[in-house]
Amino acid sequence: MPKNRNTFSSLVAWRRRLVTRAVHRGWRWMQSAGAVTAERPGRHRFGRIGDGTRLAFPQGTVFGEPWIHLGDHCIIGEQVTLTAGMMPELDLGPDPVLRLGNGVVLGRGSHVVASRPVVFGDDVFCGPYVYVTSDNHSYDDPDEPVGRQWPRSAPVEIGSGSWLGAGAVILPGARLGRNVVVAAGAVVRGEVPDRAVVAGAPARIVRRWDPESGWQPPLRTPPPVPIPEGITPEQLIALTELDGQPADPGTLDLSADR
């Protein structure tokens, strides 16, 4: 290959690397500048954005903001839809329609669609692409297109400390207790008691906590070993480097002269 051709190929590759770096830097800047917080709400006028709450950029569909109240220290992932009301610019009355408690996490691509009250308790964690709605299409009239029939609506409540796995669907009227686990892909309707695990479509209870005998049926995996109090980040990293195998934190020498 001629020398000038090698030089040309090197210049093209160098230019592409520069363009790639510029695009990534620009995107990181947009992600930072486009994030929504209480201090930087942008065009959004939420009824409340708590301290430390952040909506990642780009946001999904958002409307009915005056009736959406977000608690403190919530994390709203990219492309998350938050809507109050059937359509934008409706007057929904004096009370909030969609409420997130403190410390709620909504994973990327999740949807929360509320025309009736939808309430998340504190510290509810959701994986990506979770769908929570107070509205569902009706199909009473067999001749009318389903999408044109007035939906059925009912309030939804998700108890504090619950975990909703990736792709879970929470239907109108669902009421989840505290510390409920919803398996990935489950479709939930109706009541779920405190400290229960539900799975399937439709979801059913597959495990419950009994105060006397613990989880029933028993868990198949051993409980995680708690991190000892006072352990440093360096010591925690060292745990993963012992023969390439996870180690019991209780066996780590925490002395200062280690």
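The values are calculated or read from the model by the stated rules, or taken from the named source; none is laboratory data. Note that the structure is a prediction, hence the values are computed from the model and not measured. Cβ: placed from backbone, ideal geometry, glycine included. Neighbour counts: every protein chain shown. When the accessible area is computed, the model is the full protein with side chains, heavy atoms only, and any ligands, DNA or RNA have been set aside. Shrake-Rupley method; radii C 1.70, N 1.55, O 1.52, S 1.80 Å.
Can you spot a residue in the range 156-177 that is open to solvent by 50 Å² or more (accessible area, probe 1.4 Å), among the basic types (K, R) and part of a loop (DSSP other than H, G, I, E, B)? No: the range 156-177 contains no residue that is open to solvent by 50 Å² or more (accessible area, probe 1.4 Å), among the basic types (K, R) and part of a loop (DSSP other than H, G, I, E, B). Condition test on A13, is it loosely packed, with under 13 Cβ neighbours inside 10 Å and free of Cβ contacts under 8 Å to residues at least 60 places away in the same chain? Judged against the criteria, A13 is a match. Is it the case, given these coordinates, that R21 is open to solvent by 60 Å² or more (accessible area, probe 1.4 Å), within 22 Å of the chain's Cα centre (by Cα), modelled with pLDDT of 90 or more and not acidic (D, E)? It is false that R21 is open to solvent by 60 Å² or more (accessible area, probe 1.4 Å), within 22 Å of the chain's Cα centre (by Cα), modelled with pLDDT of 90 or more and not acidic (D, E).
Let me confirm something: among L98, L90, which residue is under 29 Å from N179 (Cα atoms), among the hydrophobic types (A, V, I, L, M, F, W, C) and free of Cβ contacts under 8 Å to residues at least 40 places away in the same chain? Step by step, each of L98, L90 is checked, and only L98 is under 29 Å from N179 (Cα atoms), among the hydrophobic types (A, V, I, L, M, F, W, C) and free of Cβ contacts under 8 Å to residues at least 40 places away in the same chain. Listed by first and then second residue, the pairs linking a residue in the range 167-193 that is within 15 Å of C126 (Cβ to Cβ) to a residue that is of a type in the set (F, W, Y) and assigned to a loop (DSSP other than H, G, I, E, B), with Cβ atoms under 8 Å apart and 6 or more places separating them unless they lie on different chains, are G167/Y129. Within the range 200-213, none of the residues are in a strand (DSSP E or B) and open to solvent by less than 30 Å² (accessible area, probe 1.4 Å).
Let's see how each residue does on (1) under 22 Å from H69 (Cβ atoms); (2) modelled with pLDDT of 95 or more:
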{"residue": "V105", "(1), (2)": "yes, yes"}
{"residue": "R116", "(1), (2)": "yes, yes"}
{"residue": "F125", "(1), (2)": "yes, yes"}
{"residue": "N136", "(1), (2)": "no, no"}
{"residue": "V156", "(1), (2)": "yes, yes"}
{"residue": "G167", "(1), (2)": "no, yes"}
{"residue": "A174", "(1), (2)": "yes, yes"}
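Of all the criteria given as (1) surrounded by fewer than 16 Cβ atoms within 10 Å (Cβ to Cβ); (2) part of a loop (DSSP other than H, G, I, E, B), the one not satisfied by G147 is (2). Residues in the range 99-122 that are part of a loop (DSSP other than H, G, I, E, B), surrounded by 20 or more Cβ atoms within 10 Å (Cβ to Cβ) and in contact with a strand residue (DSSP E or B) (Cβ under 8 Å, 6 or more places away or on another chain): G101, V104, G107, S110, S115, G121. Name the single residue that is most open to solvent (accessible area, probe 1.4 Å) among those in the range 38-71 being part of a loop (DSSP other than H, G, I, E, B) and charged (D, E, K, R). Top of the filtered list is R43.
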